[in-house]
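Below is one structure, written out as structure tokens; comments come after it.
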Amino acid sequence: MEEKSDKTKKIYGKIKKKYTQKSVKKRIEALFLDNIGKVITREQIIKAATDLKTQKQPENWHQRLSELRTDDGYTILSWRNRGWLRVEEYLMPSSEKRSIAGKRVRPDKDTWQCVLQRANYSCEWAEGNEICGLKEGAVDPVGGGRVKLTPDHKNPHSINPDADTKDAQQWQALCGRHQVIKKNYWDTNTGKMNVYAIIQSSTSSEKEIIFKFLLDYFGYVQDKAGNIHKLEIGKQ
């Protein structure tokens, strides 16, 4: 039965059938397409994505969700995009897809083996002087689930879809959590950051600080009623 929150008027979706698609991503996609414009919860995603034969629950479902956005072009909203959604609630407003980059390439088997050996079979994500270092099969203490290392373009696929499949220097090994962060936030070669995505992922209180900073930066003030006015030079 569909639920409606009195406070936000959110309409919650439901699992309408058994999802038998072969891949986790396809099962998650089918769930959202069955519930266009309705809120889907983390628990529903995991249940729908669970393999019916093995009953194995997907540990990296959040990475598959990210791929539906970045690789397939779907718009899937979360609390980062809409303040009225709670953490671990998601909504696909329509089935329309955005234009996306060309088909992804992957390093060949020998190149990927070179990358793994260089990485000592651990995540190479670097932030400042800190290296992630999570090993294949370890439990991610932040994202949960078992770590599965996958190849990542050092230069994002959207910028360079034709990475050399035989050049190990163009690839790095990342855990699922840092694959998602990389896709959203920056290019490790150029250091160019996606500021919009960073603001989206900020908390409400952080967004308010950023909002006030931008008002001040562009010369606007907000009165007690919430109205925004252009600041007159010489007046406070």
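The values are calculated or read from the model by the stated rules, or taken from the named source; none is laboratory data. As the structure is a prediction and not an experimental result, all values here were calculated from the model. Note: ideal-geometry Cβ built from the backbone for every residue, glycine included; neighbour counts use all protein chains shown.
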| Restricting the search to the stretch 22-49, which residues are among the polar types (S, T, N, Q) and modelled with pLDDT of 95 or more? | Asn35, Thr41, Gln44
| request: Determine whether Val142 is more than 17 Å from Gly176 (Cα to Cα), surrounded by fewer than 13 Cβ atoms within 10 Å (Cβ to Cβ) and out of contact with any His (no Cβ under 8 Å at 6 or more places or on another chain). | output: no
| query | Could we say that Gln57 is within 25 Å of Arg146 (Cβ to Cβ), outside the structural domain of Cys175 (by TED's automatic domain parsing), under 15 Å from the mean Cα position of the chain (by Cα) and not aliphatic (A, V, I, L, M) here? | reply | no
| request: For residues that are within 12 Å of Ser95 (Cα to Cα), crowded, with 18+ Cβ neighbours inside 10 Å and touching a helix residue (DSSP H, G or I) at 6+ places or on another chain (Cβ under 8 Å), tally how many sit in the stretch 31-72. | output: 3
| Among the candidates Glu130, Glu59, Glu88, Glu67, residue that is among the acidic types (Asp, Glu) and farther than 17 Å from Val180 by Cα | Glu130
| query | Right, Ser78: at pLDDT 85 or above and touching a Leu at 6+ places or on another chain (Cβ under 9 Å) or not? | reply | yes
| task | Kindly indicate which of Gly234, Gly219 is surrounded by fewer than 16 Cβ atoms within 10 Å (Cβ to Cβ), modelled with pLDDT under 90 and touching a Leu at 6+ places or on another chain (Cβ under 7 Å). | result | Gly219
| Selected residue (criterion: farthest from Ser78 (Cα to Cα)) from residues of the stretch 20-41 that are aliphatic (A, V, I, L, M) and in a helix (DSSP H, G or I) | Val24
| task | Determine whether Gln57 is under 27 Å from Asp152 (Cβ atoms) and without any contact (Cβ under 8 Å) to a residue 24 or more places away in the chain. | result | yes
| Selection status of Lys47, farther than 30 Å from His153 by Cβ and either assigned to a helix (DSSP H, G or I) or outside the structural domain of Val139 (by TED's automatic domain parsing) (or both) | yes
